[in-house]
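The structure under discussion appears below in the form of C-alpha coordinates.
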Amino acid sequence: MNPVDSQVKYFHSDAPFPLESGDVLPSLTVAYHTFGQLSPERDNAVWVMHALTANSDVADWWPHTVETGKFLDPEKYFVICANVIGSCYGSSGPARPFVDGEDPLYEQFPYLTVRDMVNAHKLLMKHLGLSRLNTIIGSSLGGFQALEWLVDQPDIADRAILCATDYQCRPWLAAINKAMYMAIEADPTFGQPSPNAGRKGLEAARAIALLSYRSHSAYDLTQADPPGRENPFNRRVHSYQAYQGKKLADRFDVYSYLRMCRSSDTHDVSRNRGSFAEALSRVKARCLVVAISSDILFPPSYHEELAAMLPDARLEIIESEFAHDGFLIEHEKLDNLIQNFYANE
(Lines give C-alpha, C1' and ligand atoms only; values in the text may rest on other atoms or scores of the structure.)
Protein backbone atom coordinates (compact mmCIF):
# COMPACT_ATOMS: atom_id res chain seq x y z
CA MET A 1 0.00 0.00 0.00
CA ASN A 2 1.27 3.46 -0.87
CA PRO A 3 1.43 5.83 2.10
CA VAL A 4 0.19 9.38 1.82
CA ASP A 5 2.88 12.00 1.54
CA SER A 6 4.98 13.55 4.30
CA GLN A 7 2.49 16.36 4.94
CA VAL A 8 0.07 14.02 6.67
CA LYS A 9 -0.82 14.85 10.28
CA TYR A 10 -2.40 12.65 12.92
CA PHE A 11 -5.01 13.28 15.56
CA HIS A 12 -5.08 10.64 18.28
CA SER A 13 -7.46 10.11 21.16
CA ASP A 14 -6.96 7.45 23.82
CA ALA A 15 -10.62 7.64 24.81
CA PRO A 16 -12.83 4.73 23.68
CA PHE A 17 -14.75 5.57 20.52
CA PRO A 18 -18.29 4.10 20.49
CA LEU A 19 -19.78 2.97 17.18
CA GLU A 20 -23.39 2.88 16.06
CA SER A 21 -23.27 -0.92 15.99
CA GLY A 22 -22.58 -1.03 19.74
CA ASP A 23 -18.93 -1.96 19.23
CA VAL A 24 -16.28 0.31 20.68
CA LEU A 25 -12.85 1.17 19.28
CA PRO A 26 -10.33 1.25 22.16
CA SER A 27 -8.79 4.45 20.77
CA LEU A 28 -9.01 6.63 17.69
CA THR A 29 -6.49 7.87 15.14
CA VAL A 30 -7.42 10.16 12.26
CA ALA A 31 -4.95 11.03 9.50
CA TYR A 32 -5.51 14.40 7.87
CA HIS A 33 -4.01 17.07 5.62
CA THR A 34 -4.41 20.82 5.77
CA PHE A 35 -3.60 23.44 3.17
CA GLY A 36 -3.42 27.19 3.69
CA GLN A 37 -3.83 29.10 6.93
CA LEU A 38 -6.78 29.63 9.24
CA SER A 39 -7.83 33.27 9.20
CA PRO A 40 -7.74 35.36 12.43
CA GLU A 41 -11.56 35.35 12.31
CA ARG A 42 -11.52 31.54 11.89
CA ASP A 43 -14.06 31.84 9.09
CA ASN A 44 -12.27 30.35 6.08
CA ALA A 45 -12.19 26.62 6.90
CA VAL A 46 -13.27 24.32 4.04
CA TRP A 47 -13.70 20.64 4.87
CA VAL A 48 -13.40 18.15 2.00
CA MET A 49 -14.75 14.61 2.41
CA HIS A 50 -13.04 12.10 0.17
CA ALA A 51 -14.62 9.30 -1.84
CA LEU A 52 -14.28 5.54 -1.39
CA THR A 53 -10.58 4.72 -1.77
CA ALA A 54 -8.94 8.16 -1.65
CA ASN A 55 -6.63 9.45 1.06
CA SER A 56 -6.53 12.70 2.99
CA ASP A 57 -4.24 14.41 0.47
CA VAL A 58 -6.93 16.08 -1.61
CA ALA A 59 -4.29 17.78 -3.77
CA ASP A 60 -3.14 14.30 -4.82
CA TRP A 61 -6.45 12.73 -5.87
CA TRP A 62 -8.45 15.80 -7.01
CA PRO A 63 -6.27 17.40 -9.69
CA HIS A 64 -6.07 21.17 -10.17
CA THR A 65 -8.28 22.00 -7.18
CA VAL A 66 -5.82 22.94 -4.39
CA GLU A 67 -4.27 25.70 -6.47
CA THR A 68 -4.24 29.48 -6.49
CA GLY A 69 -7.46 30.75 -8.06
CA LYS A 70 -9.24 27.38 -7.82
CA PHE A 71 -12.13 26.51 -5.53
CA LEU A 72 -9.75 25.08 -2.89
CA ASP A 73 -7.38 28.04 -3.13
CA PRO A 74 -4.87 27.62 -0.24
CA GLU A 75 -4.16 31.36 -0.30
CA LYS A 76 -7.80 32.04 0.51
CA TYR A 77 -9.04 29.02 2.43
CA PHE A 78 -7.88 26.73 5.21
CA VAL A 79 -8.57 23.38 3.53
CA ILE A 80 -8.96 20.23 5.63
CA CYS A 81 -9.34 16.66 4.40
CA ALA A 82 -9.43 13.74 6.84
CA ASN A 83 -8.94 10.08 5.98
CA VAL A 84 -12.10 8.28 7.07
CA ILE A 85 -11.89 5.70 9.81
CA GLY A 86 -11.87 2.17 8.43
CA SER A 87 -9.58 3.16 5.57
CA CYS A 88 -5.94 2.12 5.17
CA TYR A 89 -4.35 5.55 4.74
CA GLY A 90 -3.49 6.31 8.34
CA SER A 91 -6.78 6.45 10.25
CA SER A 92 -7.97 3.69 12.57
CA GLY A 93 -8.83 0.71 10.40
CA PRO A 94 -8.39 -3.02 9.85
CA ALA A 95 -4.75 -2.70 8.74
CA ARG A 96 -3.63 -0.36 11.55
CA PRO A 97 -2.89 -1.85 15.00
CA PHE A 98 -4.28 0.01 17.98
CA VAL A 99 -1.07 -0.59 19.91
CA ASP A 100 2.41 -0.46 18.40
CA GLY A 101 3.85 -3.94 18.14
CA GLU A 102 0.49 -5.69 18.12
CA ASP A 103 -1.11 -7.21 15.04
CA PRO A 104 -3.85 -5.35 13.17
CA LEU A 105 -7.39 -6.64 13.62
CA TYR A 106 -7.94 -7.27 9.88
CA GLU A 107 -11.36 -8.98 9.51
CA GLN A 108 -12.04 -8.61 13.25
CA PHE A 109 -12.18 -4.82 12.93
CA PRO A 110 -15.78 -3.65 13.48
CA TYR A 111 -17.98 -2.53 10.62
CA LEU A 112 -18.74 1.19 10.47
CA THR A 113 -21.55 3.52 9.46
CA VAL A 114 -21.37 6.88 7.76
CA ARG A 115 -22.43 8.40 11.09
CA ASP A 116 -19.40 6.81 12.77
CA MET A 117 -17.17 8.50 10.18
CA VAL A 118 -18.81 11.86 10.83
CA ASN A 119 -18.40 11.46 14.59
CA ALA A 120 -14.67 11.02 14.04
CA HIS A 121 -14.64 14.20 11.91
CA LYS A 122 -16.31 16.05 14.79
CA LEU A 123 -13.50 15.09 17.17
CA LEU A 124 -10.87 16.25 14.70
CA MET A 125 -12.73 19.51 14.16
CA LYS A 126 -12.74 20.14 17.92
CA HIS A 127 -9.01 19.32 18.05
CA LEU A 128 -8.40 21.94 15.34
CA GLY A 129 -10.26 24.53 17.41
CA LEU A 130 -13.07 25.02 14.91
CA SER A 131 -16.73 25.49 15.78
CA ARG A 132 -18.08 26.29 12.30
CA LEU A 133 -17.01 25.77 8.70
CA ASN A 134 -17.11 28.11 5.76
CA THR A 135 -17.89 25.23 3.39
CA ILE A 136 -18.35 21.45 3.45
CA ILE A 137 -17.54 19.68 0.18
CA GLY A 138 -18.28 16.02 -0.51
CA SER A 139 -18.52 13.83 -3.60
CA SER A 140 -19.77 10.23 -3.75
CA LEU A 141 -19.14 8.61 -0.33
CA GLY A 142 -17.76 11.99 0.73
CA GLY A 143 -21.15 13.47 -0.13
CA PHE A 144 -22.80 10.89 2.13
CA GLN A 145 -20.66 12.14 5.00
CA ALA A 146 -21.28 15.80 4.16
CA LEU A 147 -25.06 15.32 4.11
CA GLU A 148 -25.02 13.35 7.34
CA TRP A 149 -23.02 16.09 9.06
CA LEU A 150 -25.26 18.85 7.70
CA VAL A 151 -28.40 17.08 8.95
CA ASP A 152 -26.91 16.13 12.30
CA GLN A 153 -25.48 19.61 12.99
CA PRO A 154 -27.53 22.08 10.93
CA ASP A 155 -25.32 25.04 11.91
CA ILE A 156 -22.04 23.33 11.02
CA ALA A 157 -21.37 25.24 7.77
CA ASP A 158 -22.36 28.33 5.85
CA ARG A 159 -22.17 26.55 2.48
CA ALA A 160 -22.15 23.01 1.15
CA ILE A 161 -21.15 21.53 -2.19
CA LEU A 162 -22.63 18.08 -2.83
CA CYS A 163 -21.48 16.35 -6.00
CA ALA A 164 -22.29 12.97 -7.54
CA THR A 165 -23.97 11.73 -4.37
CA ASP A 166 -27.33 10.96 -2.73
CA TYR A 167 -29.24 11.23 0.53
CA GLN A 168 -29.61 7.45 0.82
CA CYS A 169 -28.05 4.22 -0.39
CA ARG A 170 -30.56 2.98 -2.94
CA PRO A 171 -31.02 -0.66 -4.04
CA TRP A 172 -28.89 -0.14 -7.18
CA LEU A 173 -25.81 0.85 -5.16
CA ALA A 174 -26.47 -1.85 -2.54
CA ALA A 175 -26.74 -4.45 -5.32
CA ILE A 176 -23.39 -3.39 -6.81
CA ASN A 177 -21.88 -3.59 -3.34
CA LYS A 178 -23.28 -7.10 -2.81
CA ALA A 179 -21.79 -8.28 -6.13
CA MET A 180 -18.41 -7.03 -4.88
CA TYR A 181 -18.80 -8.78 -1.52
CA MET A 182 -19.57 -12.04 -3.32
CA ALA A 183 -16.42 -11.68 -5.44
CA ILE A 184 -14.29 -10.96 -2.39
CA GLU A 185 -15.74 -13.81 -0.30
CA ALA A 186 -15.14 -16.26 -3.18
CA ASP A 187 -11.39 -15.71 -2.77
CA PRO A 188 -10.19 -18.63 -0.58
CA THR A 189 -7.63 -16.37 1.14
CA PHE A 190 -10.29 -13.96 2.38
CA GLY A 191 -10.46 -14.03 6.17
CA GLN A 192 -6.77 -14.69 6.68
CA PRO A 193 -5.01 -12.23 9.05
CA SER A 194 -2.78 -10.83 6.34
CA PRO A 195 -2.52 -7.55 4.39
CA ASN A 196 -2.56 -9.62 1.18
CA ALA A 197 -5.64 -11.65 2.02
CA GLY A 198 -8.45 -11.64 -0.52
CA ARG A 199 -6.34 -9.91 -3.13
CA LYS A 200 -7.81 -11.65 -6.17
CA GLY A 201 -11.29 -11.08 -4.81
CA LEU A 202 -10.51 -7.41 -4.32
CA GLU A 203 -9.27 -7.14 -7.92
CA ALA A 204 -12.52 -8.67 -9.18
CA ALA A 205 -14.58 -6.41 -6.92
CA ARG A 206 -12.85 -3.31 -8.26
CA ALA A 207 -13.52 -4.41 -11.84
CA ILE A 208 -17.21 -4.72 -10.93
CA ALA A 209 -17.25 -1.29 -9.27
CA LEU A 210 -15.58 0.35 -12.23
CA LEU A 211 -18.57 -0.48 -14.43
CA SER A 212 -20.72 1.74 -12.23
CA TYR A 213 -18.19 4.59 -12.26
CA ARG A 214 -18.16 4.84 -16.04
CA SER A 215 -20.71 4.59 -18.84
CA HIS A 216 -20.93 2.70 -22.10
CA SER A 217 -19.97 5.89 -23.96
CA ALA A 218 -16.90 6.40 -21.78
CA TYR A 219 -15.73 2.86 -22.49
CA ASP A 220 -16.44 3.32 -26.18
CA LEU A 221 -14.33 6.49 -26.17
CA THR A 222 -11.35 5.12 -24.30
CA GLN A 223 -11.27 1.33 -24.71
CA ALA A 224 -12.16 0.65 -28.33
CA ASP A 225 -10.02 -2.07 -29.90
CA PRO A 226 -7.43 -1.00 -32.47
CA PRO A 227 -8.28 -1.90 -36.05
CA GLY A 228 -6.97 -5.16 -37.43
CA ARG A 229 -6.36 -7.00 -34.16
CA GLU A 230 -5.28 -10.59 -34.85
CA ASN A 231 -6.83 -12.36 -31.85
CA PRO A 232 -10.60 -11.83 -31.67
CA PHE A 233 -10.60 -13.03 -28.03
CA ASN A 234 -8.09 -10.41 -26.96
CA ARG A 235 -10.03 -7.25 -26.12
CA ARG A 236 -8.36 -4.06 -25.00
CA VAL A 237 -10.96 -3.50 -22.31
CA HIS A 238 -10.17 -6.88 -20.73
CA SER A 239 -6.63 -5.80 -19.92
CA TYR A 240 -7.95 -2.44 -18.73
CA GLN A 241 -10.32 -4.05 -16.23
CA ALA A 242 -7.57 -6.37 -14.97
CA TYR A 243 -5.14 -3.45 -14.68
CA GLN A 244 -7.59 -1.37 -12.65
CA GLY A 245 -8.23 -4.28 -10.28
CA LYS A 246 -4.51 -4.86 -9.73
CA LYS A 247 -3.87 -1.14 -9.35
CA LEU A 248 -6.30 -0.92 -6.43
CA ALA A 249 -5.08 -4.13 -4.80
CA ASP A 250 -1.53 -2.74 -4.87
CA ARG A 251 -2.57 0.22 -2.70
CA PHE A 252 -5.59 -0.94 -0.67
CA ASP A 253 -6.38 -3.90 1.55
CA VAL A 254 -9.52 -5.97 1.23
CA TYR A 255 -10.69 -5.46 4.81
CA SER A 256 -10.57 -1.68 4.53
CA TYR A 257 -12.35 -1.86 1.18
CA LEU A 258 -15.17 -3.86 2.75
CA ARG A 259 -15.54 -1.38 5.61
CA MET A 260 -15.77 1.51 3.17
CA CYS A 261 -18.35 -0.21 0.96
CA ARG A 262 -20.39 -1.56 3.87
CA SER A 263 -20.51 1.92 5.40
CA SER A 264 -22.18 3.17 2.22
CA ASP A 265 -24.86 0.49 2.67
CA THR A 266 -25.87 2.21 5.93
CA HIS A 267 -26.35 5.67 4.43
CA ASP A 268 -29.82 7.04 5.17
CA VAL A 269 -30.17 10.60 6.48
CA SER A 270 -33.74 9.83 7.58
CA ARG A 271 -32.83 7.00 9.96
CA ASN A 272 -34.39 7.88 13.34
CA ARG A 273 -35.25 11.34 11.97
CA GLY A 274 -38.62 10.90 10.29
CA SER A 275 -38.90 11.20 6.50
CA PHE A 276 -36.15 12.18 4.09
CA ALA A 277 -37.83 15.55 3.62
CA GLU A 278 -38.01 16.12 7.38
CA ALA A 279 -34.35 15.24 7.84
CA LEU A 280 -33.09 17.38 4.95
CA SER A 281 -35.27 20.33 5.99
CA ARG A 282 -32.94 20.75 8.96
CA VAL A 283 -30.00 21.80 6.77
CA LYS A 284 -29.23 25.51 7.09
CA ALA A 285 -26.25 25.74 4.74
CA ARG A 286 -26.65 27.27 1.29
CA CYS A 287 -26.12 24.26 -0.97
CA LEU A 288 -24.79 23.63 -4.46
CA VAL A 289 -25.91 20.23 -5.75
CA VAL A 290 -23.93 19.00 -8.77
CA ALA A 291 -24.84 16.00 -10.92
CA ILE A 292 -22.93 14.41 -13.81
CA SER A 293 -25.20 13.94 -16.83
CA SER A 294 -24.06 10.37 -17.61
CA ASP A 295 -23.68 9.15 -14.02
CA ILE A 296 -25.46 5.78 -13.67
CA LEU A 297 -24.51 5.39 -10.00
CA PHE A 298 -26.12 8.66 -8.89
CA PRO A 299 -28.07 9.95 -11.90
CA PRO A 300 -29.28 13.56 -12.22
CA SER A 301 -32.79 12.57 -11.10
CA TYR A 302 -31.42 11.70 -7.66
CA HIS A 303 -29.86 15.14 -7.42
CA GLU A 304 -33.10 16.79 -8.48
CA GLU A 305 -34.84 15.08 -5.56
CA LEU A 306 -32.07 16.11 -3.17
CA ALA A 307 -32.06 19.74 -4.25
CA ALA A 308 -35.86 19.92 -4.00
CA MET A 309 -35.79 18.78 -0.36
CA LEU A 310 -32.98 21.07 0.78
CA PRO A 311 -34.22 24.46 2.03
CA ASP A 312 -31.68 26.50 0.05
CA ALA A 313 -30.17 24.61 -2.87
CA ARG A 314 -29.06 25.26 -6.41
CA LEU A 315 -28.87 22.35 -8.85
CA GLU A 316 -26.30 22.17 -11.65
CA ILE A 317 -25.66 19.36 -14.13
CA ILE A 318 -22.23 18.86 -15.72
CA GLU A 319 -22.46 17.49 -19.23
CA SER A 320 -19.87 14.73 -19.45
CA GLU A 321 -19.31 11.33 -21.01
CA PHE A 322 -17.27 10.19 -18.01
CA ALA A 323 -20.19 9.23 -15.75
CA HIS A 324 -19.58 9.08 -11.99
CA ASP A 325 -15.84 9.66 -12.36
CA GLY A 326 -16.71 12.96 -14.02
CA PHE A 327 -16.45 14.72 -10.65
CA LEU A 328 -12.71 13.94 -10.80
CA ILE A 329 -12.12 14.29 -14.52
CA GLU A 330 -14.26 17.38 -15.22
CA HIS A 331 -12.49 19.51 -12.62
CA GLU A 332 -12.50 22.62 -14.83
CA LYS A 333 -16.27 22.52 -15.29
CA LEU A 334 -16.73 21.84 -11.59
CA ASP A 335 -14.42 24.71 -10.67
CA ASN A 336 -16.46 27.11 -12.81
CA LEU A 337 -19.70 26.05 -11.14
CA ILE A 338 -18.27 26.36 -7.64
CA GLN A 339 -16.63 29.72 -8.33
CA ASN A 340 -19.96 31.06 -9.60
CA PHE A 341 -21.67 29.65 -6.53
CA TYR A 342 -19.15 31.43 -4.30
CA ALA A 343 -19.59 34.68 -6.23
CA ASN A 344 -23.40 34.72 -5.99
CA GLU A 345 -23.81 35.05 -2.24
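Picking from residues in the stretch 166-181 that are assigned to a loop (DSSP other than H, G, I, E, B) and not basic (Lys, Arg), the one that is farthest from residue 302 (Cα to Cα) is 169.
Find the residue count for the stretch 192-203, including only residues that are open to solvent by 80 Å² or more (accessible area, probe 1.4 Å) and outside any helix (DSSP H, G or I). Here the count works out to 3. Checking the condition surrounded by fewer than 19 Cβ atoms within 10 Å (Cβ to Cβ), basic (Lys, Arg) and in contact (Cβ under 8 Å) with a residue 24 or more places away in the chain, which residue from 206, 159, 170 passes? Sole residue among the options that is surrounded by fewer than 19 Cβ atoms within 10 Å (Cβ to Cβ), basic (Lys, Arg) and in contact (Cβ under 8 Å) with a residue 24 or more places away in the chain: 170.
Residue 61 passes all but one of (1) more than 24 Å from residue 341 (Cβ to Cβ); (2) open to solvent by 10 Å² or more (accessible area, probe 1.4 Å); (3) of a type in the set (Phe, Trp, Tyr); (4) touching a helix residue (DSSP H, G or I) at 6+ places or on another chain (Cβ under 9 Å); which number fails? Looking at each condition in turn, residue 61 falls short on (1). Would you be able to say whether some residue in the stretch 69-83 is over 19 Å from the mean Cα position of the chain (by Cα), among the hydrophobic types (A, V, I, L, M, F, W, C), open to solvent by less than 70 Å² (accessible area, probe 1.4 Å) and within 20 Å of residue 149 (Cβ to Cβ)? Yes, that holds for at least one residue. Would you check which residues across the stretch 226-269 are hydroxyl-bearing (Ser, Thr, Tyr), open to solvent by 10 Å² or more (accessible area, probe 1.4 Å) and in contact with an Asp or Glu (Cβ under 7 Å, 6 or more places away or on another chain) and list them? Within the stretch 226-269, no residue meets the criteria.
Do you know which of the residues in the stretch 183-203 that are touching a residue at least 60 places away in the same chain (Cβ under 8 Å) and small (Gly, Ala, Ser) is nearest to residue 323 (Cα to Cα)? Only one residue tops the list, namely 197. For residue 112, the conditions (1) in contact with a Pro (Cβ under 9 Å, 6 or more places away or on another chain); (2) assigned to a loop (DSSP other than H, G, I, E, B) all hold with the exception of (1).
Could you list, in sequence order, the residues of the stretch 83-108 that are farther than 13 Å from residue 28 by Cα and not charged (D, E, K, R)? Once the filter is applied, which keeps residues that are farther than 13 Å from residue 28 by Cα and not charged (D, E, K, R), the stretch 83-108 yields 88, 89, 95, 101, 104, 105, 106, 108. In the stretch 272-301, the residues that are closer than 16 Å to residue 155 by Cα form Cβ pairs under 9 Å with partners that are open to solvent by 20 Å² or more (accessible area, probe 1.4 Å) and modelled with pLDDT under 95, at six or more places apart or across chains, as follows: 286/345.
Taking the listed residues 331, 324, the one that is open to solvent by 10 Å² or more (accessible area, probe 1.4 Å), in contact (Cβ under 8 Å) with a residue 40 or more places away in the chain and more than 14 Å from residue 147 (Cα to Cα) is 331, with no other qualifying.
Taking the conditions (1) in contact with a Leu (Cβ under 8 Å, 6 or more places away or on another chain); (2) closer than 21 Å to residue 333 by Cβ in turn, residue 32 satisfies each one other than (2).
Annotation note: Cβ proximity below 7 Å between a residue of the stretch 246-264 that is under 21 Å from residue 144 (Cα atoms) and of a type in the set (Lys, Arg) and a residue that is open to solvent by 10 Å² or more (accessible area, probe 1.4 Å) and part of a loop (DSSP other than H, G, I, E, B) (sequence gap 6+ or interchain) occurs for 259/111; 262/111. Limited to the stretch 334-345, what total is found for residues that are open to solvent by less than 40 Å² (accessible area, probe 1.4 Å) and farther than 30 Å from residue 275 by Cβ? The total comes to 3.
The residue of the stretch 215-225 that is modelled with the highest pLDDT, among those that are open to solvent by less than 40 Å² (accessible area, probe 1.4 Å) and either of a type outside the set (Ser, Thr, Tyr) or in contact with a strand residue (DSSP E or B) (Cβ under 8 Å, 6 or more places away or on another chain) (or both), is 223. Out of the residues in the stretch 84-109 that are of a type in the set (Phe, Trp, Tyr) and part of a loop (DSSP other than H, G, I, E, B), state the one that is surrounded by the fewest Cβ atoms within 10 Å (Cβ to Cβ). Within the stretch 84-109, the match that is surrounded by the fewest Cβ atoms within 10 Å (Cβ to Cβ) is 98. Scanning the stretch 301-315 for residues that are surrounded by fewer than 19 Cβ atoms within 10 Å (Cβ to Cβ) and not in a helix (DSSP H, G or I) yields 311, 312, 314, 315. Taken as a whole, the stretch 271-281 holds no residue that is touching a strand residue (DSSP E or B) at 6+ places or on another chain (Cβ under 8 Å), open to solvent by less than 20 Å² (accessible area, probe 1.4 Å) and under 30 Å from residue 344 (Cα atoms).
The values are calculated or read from the model by the stated rules, or taken from the named source; none is laboratory data. Computed from a predicted structure; not experimentally measured. Every residue, glycine among them, receives a Cβ derived from its backbone with ideal geometry; neighbour counts consider all protein chains shown. We work out accessible area using only protein heavy atoms, side chains counted, and drop any ligands, DNA or RNA first. Shrake-Rupley method; radii C 1.70, N 1.55, O 1.52, S 1.80 Å.
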